[in-house]
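Report on one structure; see the data block that follows.
A short reminder: the numbers here are calculations on the coordinates, not readings from a lab. Note that this is a predicted model, so its numbers are computed, not measured. Positions of Cβ are generated from backbone atoms using ideal geometry, with glycine treated the same way; all protein chains shown enter the neighbour counts.
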Amino acid sequence: MNFIADEGLDKTLVMLLRASGHDVFYFAEEAQSTDDETILDFANKENRILLTRDKDFGELIYRLQKVNPTFHCYPTWRCTHQKLVKLL
């Protein structure tokens, strides 16, 4: 799968996804401090699933109708990185 990970995701999860064969563009490595709308536009253009912990993306997706498959990784989830990789 092709993913975009915003800066809120930690590098461990990104590295595990890559090790599992996924293509992950990680904004913390490539373009720090990019605004949410630009990240979402890039995800749409590249046809990638957005991985984020940022709840603000929900507003962009639903209220502004900027459609993109998004997976929110909330810090309150009691889930290891390995379990998230298997889920994805």
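What order, most packed first, do the peptides 2-9, 22-29 have when packing is the mean number of other Cβ atoms within 10 Å of each residue?
2-9, 22-29
Count the net charge of all other residues whose Cβ sits under 9 Å from the Cβ of ASN2, scoring Lys and Arg as +1 and Asp and Glu as -1. Here the count lands on -1. Net charge around ARG18, counting only other residues with Cβ within less than 13 Å of its Cβ (Lys, Arg = +1; Asp, Glu = -1)? Local charge sum for ARG18: -1.
The modelled label-to-label distance between LYS55 and ASP36, using points 7 Å beyond Cα along the C-beta direction, is 1.0 nm.
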